[in-house]
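Structure record follows, encoded as structure tokens.
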Amino acid sequence: MHKNKENKVLDTKLDAVSKSLKQSIKNLDSHTHVRGESLYVDDVNIRQGTFHAVVFDSPKAHGKINSINYSKAEALEGVERIFTYKDVPGKNEIGGIIPDEPLFAEHEVHFWGMPIALIVAESEFIARKARDLIEIDIEELPVITRAKEAKAKGSFINAPRSFSLGDTEKAFQDCEYVFEGETFSNGQEHLYIEAQGAYAEPLENGNIKITSSTQGPTSVQKTIAQVLGIAMHKIEVDVTRLGGGFGGKEDQATPWAVMAALATYHLNQSVKLILNRHDDLRMTGKRHPYESTYKIGLSKDLKILAYQTEFLQNSGAAADLSPAIAERTLFHATNSYYVPNVTTKVLSCKTNLPPNTAFRGFGGPQGMFVIESAIAKAASEIGVSARQIQEANLLDENDTFSYGQIAKKVEAKNTWHSAKNIFNSDALEREVSDFNKNNTAFKKGVSFMPITFGISFTNTPMNHARALVHIYLDGSIGISTAAVEMGQGVNTKMMQIAADVFSVSIEHIKIETTNTTRVANTSPSAASSTADLNGKATLMACNSLLERLKIVAAEDLNVSENNIILKEEYVFVNDNKTELSWTDLISSAMLKRVALTENAHYATPEIHFDKTKEKGHPFAYHVYGTAITTTTIDCTRGTYEFDSVKIVHDYGKSMSEGIDLGQVEGALIQGMGWMTMEEIAYNDEGKLLSNALSTYKIPDIFSVPKSVEVIPVETKGHELAILKSKAVGEPPLMYGIGAYFALQNAIKAFNPNYDLKFHAPMTPEKVLMSLYS
Ligand code: MTE
Ligand code: HPA
Ligand code: MOS
């Protein structure tokens with residue numbers, strides 16, 4: 001209680017103090033990034049004698065392993081050893097939520113790219129050569145690549161989940177309009193710049209240190225301990241930073257770290273395992289493709305009275321994070337709208353694809369795409385604009401979500417109307433329709449995309465973090481948290497918090513690597529919650545130290561501690577600067593034997609969820625926003641450009657404006673890529689065809705919108721957000737969904753007979769076919 005009060009007072013103080021830092025702060029890593037000096041796993045100083053490893057994986061998507069002949073590979077000079085499931089001293093099991101995934105295949109393979117063995121050699125080159133010499137005989141079994149097919153065959157990961165509110169069946173009977181349809185959204189490749197990898201080194205007494213490119217150091221530690229059958233304290237996991245994660249390293253950084261550790265365990269030598277791009281693309285899971293059906297019912301005045309969906313999630317061959325992702329699809333199935341009668345259901349369908357995994361938005365985008373499709377369909381059939389239906393149903397204060405949470409501090413209407421006013425959308429829509437009247441070879445389309453995204457891990461027990469803060473005797477500061485820096489700027493935010501609390505310049509502060517021996521039992525850096533959870537812990541630790549230092553200063557200056565303020569690296573008494581500097585204060589604290597280290601634990605208050613009822617209050621708060629997207633298509637070629645994306649976004653009170661803008665822009669483009677051009681393709685045998693950058697296209701500088709404007713909505717922020725600065729990592733990805741519907745509208749302007757299709761991504765080929773269908 002006492003702590004919370006303190007934090008509140010500090011929050012207000014920080015609002016004033018940090019204004020200039022807020023606006024001017026650059027990502028801490030900017031300098032080392034542009035100079036090529038930032039360190040990744042591949043840059044680790046390897047010790048003499050280090051072995052290099054390559055994974056041997058299944059060349060078939062489903063089958064029984066009749067035989068494997070390693071003898072030629074083992075005979076190759078420079079090959080040290082080949083490890084298989086037989087070498088696992090503990091459990092050959094890496095499944096996090098459901099124990100259904102072996103580290104190495106035993107007698108069966110379930111996806112193309114499934115790890116079977118680890119080849120350890122003097123060099124990666126030799127290990128790769130050895131891999132080509134392995135002979136495997138697989139008796140093929142039927143392959144399922146689509147969720148629908150899995151459903152028909154009863155192939156599931158777990159039991160279905162369903163949320164409901166009101167009486168959907170009955171409500172449909174009262175509707176003026178009812179429409180049904182199907183949608184498909186494809187997967188998405190994370191394409192982090194740094195591929196998956198790990199480096200394991202033996203320490204004394206059988207202890208092992210792992211440098212891993214993971215979002216979840218504790219999962220890596222826990223899984224290694226389980227596979228090796230040893231205690232967690234024997235494993236130390238260290239992460240400097242990731243060259244991007246985007247969810248792809250929440251769970252799927254683990255197997256490579258475990259394999260490297262397994263080899264180190266047996267060989268008592270360091271082992272480096274870094275996937276090359278082809279191996280990474282083939283062996284790792286992606287965003288889940290979804291095949292869904294919807295039924296939407298509206299009143300005469302366009303109120304959505306009832307909504308029903310069934311989501312078929314293509315989970316791949318093992319659970320991975322699929323159940324949690326499926327759950328988030330249900331949480332976001334009604335996006336920014338209040339729907340009084342809802343029934344949603346999700347089935348995690350087991351297929352023979354690599355286990356699909358977390359990807360920015362975590363199932364939320366897939367859910368939102370379906371309701372936006374349903375609205376577009378209804379609008380087209382009724383003969384109104386989708387914008388009218390969207391606007392008529394926006395979430396309001398005290399509305400209930402299908403999962404029981406009451407919406408508070410809602411900014412859905414605020415961002416929507418702010419976007420309309422600030423960007424003069426009436427004029428924009430008129431321009432578009434005038435353009436379409438006057439042009440035949442090119443057509444424009446405009447769309448609105450509101451977003452509402454819940455912040456917190458949906459699994460309540462995961463919402464906690466710790467911070468360990470040392471003030472060294474020269475006044476410099478070292479901060480360790482569970483936060484993993486992956487480009488999102490979380491280290492910079494942690495540094496700002498300490499700089500603000502102590503009122504020292506950022507040069508005094510170092511953000512340490514993320515390490516399981518300094519901060520233990522951590523949740524992954526995910527769910528956009530890293531800055532909130534670790535930032536609150538950092539704030540608490542720094543505040544405790546500050547209180548202690550104030551007592552020291554009060555004694556030294558012979559005044560009451562209530563009059564002490566730290567400002568610009570000096571102690572102030574009632575606004576008067578004293579002679580006592582920050583470094584003198586620290587020296588004095590040392591002489592007085594005051595502890596200059598603090599460890600704080602933060603657990604998000606207020607949240608809870610009851611899975612037996614599928615009701616609760618799972619989110620600390622929601623992030624809101626509205627995007628207006630305009631596109632121009634070339635009706636001869638089917639190609640298109642995005643003229644502009646205009647966004648009003650709810651940052652709360654952004655603590656790092658440049659970093660947060662970067663997150664909005666990056667997420668938007670990633671979302672647009674998913675919706676328009678990124679096309680994952682597997683053949684019917686389950687082989688990945690889009691297995692290189694030549695066959696998988698992500699947005700580049702030529703495909704980004706000609707203009708992106710992002711305006712912060714005026715709000716008071718939220719107490720549960722760090723310094724009222726709301727989570728920003730994932731929500732803006734869903735603005736990208738607007739791109740899909742802008743294209744639909746442009747096509748319709750050219751081809752009035754066009755029957756809207758909800759089959760993403762909307763590639764130029766599909767646009768071309770739709771123009772003339
Ligand atoms: N931004 C960059 N540059 N690189 C990333 O890997 N991951 C995204 C988002 N922004 C990512 C990113 C995802 S999936 C999440 S959950 C959040 O950042 C995680 O960081 P946060 O919790 O600090 O927002
Ligand atoms: N979001 C992201 N990652 C997660 C979540 C979540 O809600 N739950 C478990 N991992
Ligand atoms: Mo982000 S998908 O929660 O790592």
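First select every other residue whose beta carbon is under 15 angstrom from the beta carbon of ILE747; then total the charges, Lys and Arg +1, Asp and Glu -1.
+3
Just the number, please: percent antiparallel of the DSSP beta bridges in region 611-754, rounded to the nearest 5.
65
What is the ratio of the Cα radius of gyration of the chain to 2.2 N^0.38 Å, with N the residue count, to two decimals?
Output field value: 0.99.
Please give the FRET efficiency for ASN439 paired with LYS697, using the beta carbon to beta carbon distance and R0 = 22 Å, rounded to the nearest 0.05.
0.20
Computed FRET efficiency, Cβ-Cβ of ASN521 and HIS608, R0 22 Å: what is it to the nearest 0.05?
0.60
What does the helix-only formula give at 222 nm for the chain: each DSSP H stretch with n ≥ 4 adding -39500 (n - 2.57), the total divided by the residues, and the result rounded to the nearest 500 deg cm²/dmol?
Counting only the DSSP helices, I get -9500 deg cm²/dmol.
Take each of the peptides 571-583, 52-64, average the number of other beta-carbon atoms within 10 Å over its residues, and list them starting from the highest.
52-64, 571-583
Once label points are set 7 Å from the Cα along Cα→Cβ at both TYR754 and GLU507, what is their separation, rounded to one decimal in nm?
5.8
From the residues ILE565, LEU533, SER587, which one has its Cα farthest along the dipole of region 500-587 in the positive direction, the dipole being from +1 and -1 charges on Cβ of Lys/Arg and Asp/Glu about the Cα centre?
The residue sitting most towards the positive pole is LEU533.
If Lys and Arg each add +1 and Asp and Glu each add -1, what is the summed charge of the other residues whose beta carbon sits under 10 Å from the beta carbon of PRO99?
Cβ neighbours under 10 Å give a net charge of -2.
For the modelled label position 7 Å from the Cα of GLU182 along Cα-to-Cβ, which residues of region 741-773 have backbone nitrogen atoms closer than 14 Å?
Answer for region 741-773: 757-760.
ARG128 to LEU591: extension gain in nm, 0.36 nm per residue of separation minus the Cα-Cα distance?
160.8 nm
State, to one decimal in nm, how far the label point of LYS300 lies from the label point of LYS153, with both points 7 Å from Cα in the Cβ direction.
5.1
Report the calculated FRET efficiency for ARG277 and LYS577 (r = Cβ-Cβ distance, R0 = 60 Å), to the nearest 0.05.
0.60
Probe radius 1.4 Å, ligands and nucleic acids ignored: give me the carbon and sulfur share of the accessible area of the chain as a rounded percent.
Carbon-and-sulfur percentage of accessible area, whole number: 51.
Could you give the length gained on full extension between ASN66 and GLU547, defined as 0.36 nm per residue of separation minus the Cα-Cα distance, in nm?
Roughly 166.4 nm would be gained on extension.
Please give me the summed charge of the neighbours of ILE65: other residues whose Cβ is under 9 Å from its Cβ, Lys and Arg +1, Asp and Glu -1.
Summing Lys and Arg as +1 and Asp and Glu as -1 gives -3.
According to a simple spin-label model (label point 7 Å from Cα along Cα-to-Cβ), what is the distance in nm between GLU397 and ASN205?
Roughly 5.9 nm, to one decimal.
Can you give the accessible area of ILE477, probe radius 1.4 Å, in Å² rounded to 10?
Roll a 1.4 Å probe over it and ILE477 shows about 0 Å².
Contour minus end-to-end for ALA231 and VAL384, with contour as 0.36 nm per residue of separation and end-to-end as the Cα-Cα distance?
Once the chain is fully extended between ALA231 and VAL384, it gains 48.8 nm.
List the GluC sites (Glu not before Pro) in region 59-167 that DSSP assigns to loop (not H, G, I, E or B) and whose Cβ has at most 11 other Cβ atoms within 10 Å. Which are they?
For GluC sites (Glu not before Pro) across region 59-167 that sit outside H, G, I, E and B with at most 11 neighbouring Cβ atoms in 10 Å, the list reads GLU77.
Looking at region 413-541, send over the antiparallel percent of its DSSP beta bridges, to the nearest 5.
60
The values are calculated or read from the model by the stated rules, or taken from the named source; none is laboratory data. None of the values given here were measured: they were computed from a predicted structure. Heads up, the Cβs are rebuilt from the backbone with ideal geometry, glycines too, and the neighbour counts pull from every protein chain shown. What goes into the accessible areas is simple: the full protein's heavy atoms, side chains included, and nothing from ligands, DNA or RNA. Shrake-Rupley method; radii C 1.70, N 1.55, O 1.52, S 1.80 Å.
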